Structures are given as structure tokens and as C-alpha cells.
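Report on the structure given below.
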Amino acid sequence: MNSRPSRLSLPMKRVQLSKPYYFYLLRCRDQSFYAGIAIDLKKRFQDHRSGRGSAYVKSRWPAELVYFEKHPSRSLALRREAAVKNFSRRQKIELIQSGYSQKN
């Protein structure tokens, strides 16, 4: 007999497919920008609208979604958020004007 275990007896590894995450920018009432990430962009915007989002946006409502990008993982979305938070106001406006979010 063959002493090797059959393929059927080996433990199965679970493959977890990561959900896409969105990086987004809101323009608030005072013209400031708020950057965040979300799995469900529509739900997150509704959270902001109802006051369950961030305190920053709640105190500066109304806000509008002006930009978003889709990323394959939370990690990449967080990296993008951190990078854009370090942008100058002018760089953020240029990013919004690039219209990239409309291509996603």
C-alpha cells in the first residue's frame, strides 16, 4: 500500500476573498474635506447623513461625495486614505477634478 495520505484526507484551507473597499472624499459645508474608507459607500454616506458617521462630518453637515476610488483590500484603501490626508488642499482639489472616480 501507498503510505502517502490521499488528497482527500488533507485539511482544507479556507480561502477568504476580501471585499472591495472604497476610499472616498466628502466636501463639507465649510468647504473642508473629509477622507474615509467604506465597504458599502452608499450605506456609509447614509450613516454620515443620519449623524451616525464621524463627529467631524456631523458638525459640518451637509456634505457631498466628491470623489471615490475602489480598492481590492482594506489595507490598500487605508494606505490611499493616509496618503490623501497628507495632500495639500490644492492637491485634493486636483484629484477631484481629475474625475478618476467616475471611471471606477
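What the table below lists for this structure:
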item	result
Given (1) under 16 Å from the mean Cα position of the chain (by Cα); (2) charged (D, E, K, R); (3) assigned to a helix (DSSP H, G or I); (4) surrounded by fewer than 15 Cβ atoms within 10 Å (Cβ to Cβ), number of the condition Arg90 does not satisfy	(1)
Yes/no for Tyr67 being in a strand (DSSP E or B) and either in contact with a Pro (Cβ under 9 Å, 6 or more places away or on another chain) or of a type in the set (Ser, Thr, Tyr) (or both)	yes
Any chance Gln31 is in a helix (DSSP H, G or I), over 23 Å from Ser18 (Cα atoms) and modelled with pLDDT of 95 or more	no
Selection from the stretch 76-104 of residues that are hydroxyl-bearing (Ser, Thr, Tyr) and at pLDDT below 95	Ser98, Tyr100, Ser101
Residue selected from the stretch 60-78 under the condition over 10 Å from the mean Cα position of the chain (by Cα) and surrounded by 13 or more Cβ atoms within 10 Å (Cβ to Cβ), by the criterion farthest from Arg49 (Cα to Cα)	Tyr67
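The values are calculated or read from the model by the stated rules, or taken from the named source; none is laboratory data. Because the structure is a prediction, the values reported are computed rather than measured. All Cβ positions, glycine included, derive from the backbone under ideal geometry; neighbour counts span all protein chains shown.
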